[in-house]
Every structure is written in C-alpha cells, then in structure tokens.
1. So if I take the centroid of the Cα atoms in region A:54-109 and the same for region B:23-43, what is the distance between those two points in Å?
2. Report for chain B the percent antiparallel among DSSP-assigned beta bridges with both residues inside it, nearest 5.
3. Please give the solvent-accessible surface of B:Asp18 in Å², to the nearest 10, using a probe radius of 1.4 Å with every protein chain present.
4. Defining a contact as two alpha carbons under 8 Å apart and six or more residues distant in sequence, what relative contact order in percent does chain A show?
5. Just to check I understand the Karplus step: with θ = phi - 60° and J = 6.51 cos²θ - 1.76 cosθ + 1.60, what whole-Hz values come out for region A:53-62, glycine and proline as x?
6. Around B:Leu76, what is the net charge, scoring Lys/Arg as +1 and Asp/Glu as -1 over all other residues with Cβ under 12 Å from its Cβ?
7. How long are the three semi-axes of the equivalent ellipsoid for region A:1-94, computed from the Cα gyration tensor as the root of 5 times each eigenvalue, in whole Å, largest first?
8. How long is the gain from B:Asp30 to B:Arg112 if the chain were fully straight, where each residue apart is worth 0.36 nm and the alpha carbon distance is subtracted?
Amino acid sequence: SQQGEEDPQALSIQEGENATMNCSYKTSINNLQWYRQNSGRGLVHLILIRSNEREKHSGRLRVTLDTSKKSSSLLITASRAADTASYFCATGTGNQFYFGTGTSLTVIP
Amino acid sequence: DTAVSQTPKYLVTQMGNDKSIKCEQNLGHDTMYWYKQDSKKFLKIMFSYNNKELIINETVPNRFSPKSPDKAHLNLHINSLELGDSAVYFCASSHRGRDGGKNIQYFGAGTRLSVL
C-alpha cells in the first residue's frame, strides 16, 4: 500500500515538553503535509514541506524531510494541553493523497 | 461560515438500507474527496472528483456511488449498507495539485455512520 506510517502510534508527555513524531512513506512525492485531528473533528492542515526542502518552521512546529530515507519528522516545542490530538502525515502527487496511520499525542497539564 | 460542510453528522441505520451523505464546499476549490476513517483512525481515500469528473476511484465496493452535481458538491450514496461500512466518512476539498503547493486539503467535520 502507499500510505505512510507514523511513529510512535501514541505519545504522552507533560505540558512544556517537546513532542516528536515521525513519518515514513514509500513512494516519490511532490510534498509532504502534516495534519492534526482533534477528537471527533475533521483534519486540519498544519504545515507543508516540498520535496526540495529539508526543514520548515511554523510557530512551535518544526518539520524535517529526508527524501533519501523517505521520512519526515514533526516537532512540537513547548507543548500545551491544547496540542492533544492525533497527527497525520500525508504524501502524494497531484491529487493522489495517502495518509499515515497517525500518532495520538496526549499532553498532560 | 463553514468551509466544508457535510450532513448528517451522525447516521444510524439498519443493514441493507440505502443512505446518502451530502458535502458542500464554499472555498472555490475544483477538487473534492471522500475518505473513510475506521475505528483505528486509518484514513483511506475513496474517491476524488475534479470539476465534477471522477479522477480517483480506489478499491471501493460499487455499492458506494459518488455524485457531483457541480464543483461545490460531492455527495456519497451507499446502497445495501453492511456492518463493515460503519466508520467516519470525511469529505474534503482542495485546489487541483500541480506544483505541489496548492493541494492542501480542507476537511469537513465528518459523518459517523453506524450500521446495526
């Protein structure tokens, strides 16, 4: 199958700590995106990194991409209780989108 | 204003029934999608429509039939519902991806389908 895989499946940290989650994928890509899903809600786009970029920042988010290893990481710094959600990476070309299995992040106040 | 709205939010029905889920987007996007999310949160694309034309049709039983009356709407009709159809169905929309920078997807809130 073409979907990515996030690692770990679940992560529990204390508020203020950093959270790192990883994504591995299988096919060549134009870009890789990270999405967040709060419980009972739809996915919300967080950040997009193109295949020719290695690192990108947005607020407390830092994304890296290693196309040689077909992997990406999402770092959330200074986590907050409101960051509790599931995080998905999505890869694809054009309109072919494949989501990973998600990392469930719990930030304990 | 809700960007991508789908109705109903919850749908409980008996096996064998036929049901529809509606989706509308007001973002001016030309591509719409249907995804199925199972109980383990695995999100799988089912269909993709661009300008009312089907461009992606993953391995989905033909009991599932999408209908796109115009660019802003993509409805999902399901015939002869089965227990295994129970899941959360998400509609999404985006611009058509060309340079890799415009295919950010905007999701609806989901429709939780329970087949009894």
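The values are calculated or read from the model by the stated rules, or taken from the named source; none is laboratory data. Since we're looking at a predicted model, the values are computed, not measured. Every residue, glycine among them, receives a Cβ derived from its backbone with ideal geometry; neighbour counts consider all protein chains shown. Calculation scope for accessible area: heavy atoms of the full protein, side chains included, ligands and nucleic acids excluded. Shrake-Rupley method; radii C 1.70, N 1.55, O 1.52, S 1.80 Å.
1. Value for the Cα centre distance between the two parts: 19 Å.
2. Of all bridge pairs located within chain B, approximately 90 percent are antiparallel.
3. Estimated to the nearest 10 Å², B:Asp18 gives 80 Å².
4. 39 percent
5. Taking θ as phi minus 60°, the curve returns 9, 10, 8, 8, 10, 8, x, 8, 9, 9 Hz for region A:53-62.
6. +3
7. Sorted largest first and rounded, they come to 22, 14, 12 Å.
8. Result: 27.0 nm gained on full extension.
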